[in-house]
Amino acid sequence: MSEEFKVEIVNPEKSFLVKEDVSEVVVPAFEGEMGILKDHISIISFLKPGILKILSKSGDENYYVEDGIVEFKNNNLSILTSTIFNIKDLDKSKQQDLLKQAEEEAKKTEITDHSKFLADQKVQVLRSIN
Amino acid sequence: MASLDDLKKRIASVKSTQKITKAMKMVAAAKLRRAQESAENGRPYSEKMKNVILNLSNGISNKENAPKLLSGTGNDKVHLCVVMTSDRGLCGGFNSNIIKKAKSYFTKILSEGKELKIITVGSKGNDQLKRMYGDKIIENISFKESKNANYFDADKVSKIIIDKFESSEFDVCTIFYNQFKNVITQIPQAQQIVPLDNKDSEDKASDESYEFEPDEDEILVNLLPKNISTQIFKAMLENSASEQGSRMSAMDNATRNAGEMVDKLTIQYNRSRQAAITKELIEIISGAESL
């Protein structure tokens, strides 16, 4: 009895990750975190900056994503994102760079509320990784 | 007839040209492999993106309020053309093919009495277009510094396009690039990106219903600008693979031509050398006979 489904993460450059034995994925959807299990209804949603958790038999993995779209259909979860890092590989200096970038963006006054919100989110998440 | 010395120099010069073209071919071949790989790796993203947008636009509740990037401004007056070419030359017909395609489109647009605006990406396209359409070019973008096509650059281009769209500077946007088919075939493409053109894929859309969170309109508003970046990125990847492929076959031809030329010149050189020897012999013999 399998409770597993397939996850595919693609970024513009390449297919980032394909995993067949995933039992649950927690995505930072725009309106809050969302856990996806097998046989979830077909859904399209998009992501805000946050931590993407992939739970599988071969171990759990955490990724930091900045944006993206999720599509779940027929037990296939596709995640399209332009910025994704495996938290394991995200070293301190890289993380600080990202944090600095995000903080600078959040400080800007001429940006829209929407992008301000996104920048704030980035800062928050990046701080929490530490 | 050229003297022996001249011929010798000529042969040496052709040989060194051949060496250069050969080296360029090798470099292009190595780069081609990488570019082709990334073009193929990039395809799933743009295809998935297209599918999602397709599903979304089918599911959208009221078509009138659809985001302008999807449905267009309702006008068809000002056309923006983004002509994507390379920054370097010596790649056969690569740039000329795009330009040719673009020019025929420009003539069509202008003959219909519509306004034309051009953005050139890559300096070669700008060089070729500014003579005839100099006053129409509103922007010239070049990514000479970046080695490979990357998403960041594509994003920059798309931001410019979206800004211009939002300040209502154009109604329709088309991008021109070369699609990579194989090393010897690249097909110049004209792809309309604003408003979104999904005529060709309409039948493929699934009728499956999706749940949307948040609702369709909001997702679309966020997704459409991303789609433009993706499409431009795809065009850039295809373009860079095409450029290297085109350069490789051009340099292969050049190397072969140089080889033929060296052969021809060598024969000519040997002939005239022999002719000179024979002439000298005749002179000696006739000199001896006359004694």
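The values are calculated or read from the model by the stated rules, or taken from the named source; none is laboratory data. None of these values were measured; they are calculated from a predicted model. Here Cβ is always computed from backbone atoms with ideal geometry, including for glycine, and neighbour counts include all displayed protein chains.
Listed values, structure above:
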{"read-out": "Qualifying positions in the stretch B:145-173 - among the basic types (Lys, Arg), touching a residue at least 60 places away in the same chain (Cβ under 8 Å) and within 27 Å of B:ARG33 (Cα to Cα)", "value": "none"}
{"read-out": "Those residues of the stretch A:7-25 which are within 17 Å of A:THR81 (Cα to Cα) and not in a loop (DSSP other than H, G, I, E, B), in sequence order", "value": "A:VAL7, A:GLU8, A:ILE9, A:VAL10, A:SER15, A:PHE16, A:LEU17, A:VAL18, A:LYS19, A:VAL25"}
{"read-out": "Search result, residues across the stretch B:194-225 that are modelled with pLDDT under 75 and among the hydrophobic types (A, V, I, L, M, F, W, C)", "value": "B:ALA205"}
{"read-out": "Boolean, B:LYS234 is assigned to a helix (DSSP H, G or I) and closer than 24 Å to A:GLU33 by Cα", "value": "no"}
{"read-out": "Test: residue in the stretch B:270-277 that is in the same structural domain as B:TYR151 (by TED's automatic domain parsing), among the small types (Gly, Ala, Ser) and at pLDDT below 95", "value": "no"}
{"read-out": "Residue that is modelled with the highest pLDDT [pool: residues in the stretch B:67-92 that are part of a loop (DSSP other than H, G, I, E, B) and of a type in the set (D, E, K, R)]", "value": "B:ASP87"}
{"read-out": "Strands (runs of 3 or more DSSP E) enclosed by the stretch A:26-100 - at least 1 residues per element that are more than 15 Å from A:LEU126 (Cα to Cα)", "value": "A:32-36, A:43-47, A:50-56, A:61-65, A:68-73, A:76-80"}
{"read-out": "Positions within the stretch B:104-128 being surrounded by 16 or more Cβ atoms within 10 Å (Cβ to Cβ) and within 26 Å of B:ALA254 (Cβ to Cβ), in sequence order", "value": "B:GLY122, B:SER123, B:LYS124, B:GLY125, B:ASN126, B:GLN128"}
{"read-out": "Test result for B:ASN257, part of a helix (DSSP H, G or I), away from chain A (no Cβ under 14 Å), surrounded by 13 or more Cβ atoms within 10 Å (Cβ to Cβ) and not aromatic (Phe, Trp, Tyr)", "value": "yes"}
{"read-out": "Residue satisfying all of: in the stretch B:15-66; away from chain A (no Cβ under 14 Å) and not in a helix (DSSP H, G or I); modelled with the highest pLDDT among these", "value": "B:ALA66"}
{"read-out": "Qualifying position, being under 30 Å from B:PRO214 (Cα atoms), of a type outside the set (Asp, Glu), assigned by TED's automatic domain parsing to the domain that holds B:ILE137 and crowded, with 19+ Cβ neighbours inside 10 Å, among B:SER57, B:SER71, B:SER86", "value": "B:SER57"}
{"read-out": "All positions within the stretch A:1-59 that are at pLDDT below 85 and more than 14 Å from every other protein chain (Cβ to nearest Cβ)", "value": "A:MET1, A:SER2, A:GLU3, A:LYS57, A:SER58, A:GLY59"}
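Residues are listed down the side, and each one gets a yes or a no for (1) part of a strand (DSSP E or B); (2) among the β-branched types (Val, Ile, Thr); (3) more than 12 Å from the chain's Cα centre (by Cα):
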site	(1), (2), (3)
B:LYS101	no, no, no
B:LEU110	no, no, yes
B:LYS117	yes, no, yes
B:ASN126	no, no, yes
B:GLU139	yes, no, yes
B:GLU145	no, no, yes
B:ASN178	yes, no, no
B:GLN192	yes, no, yes
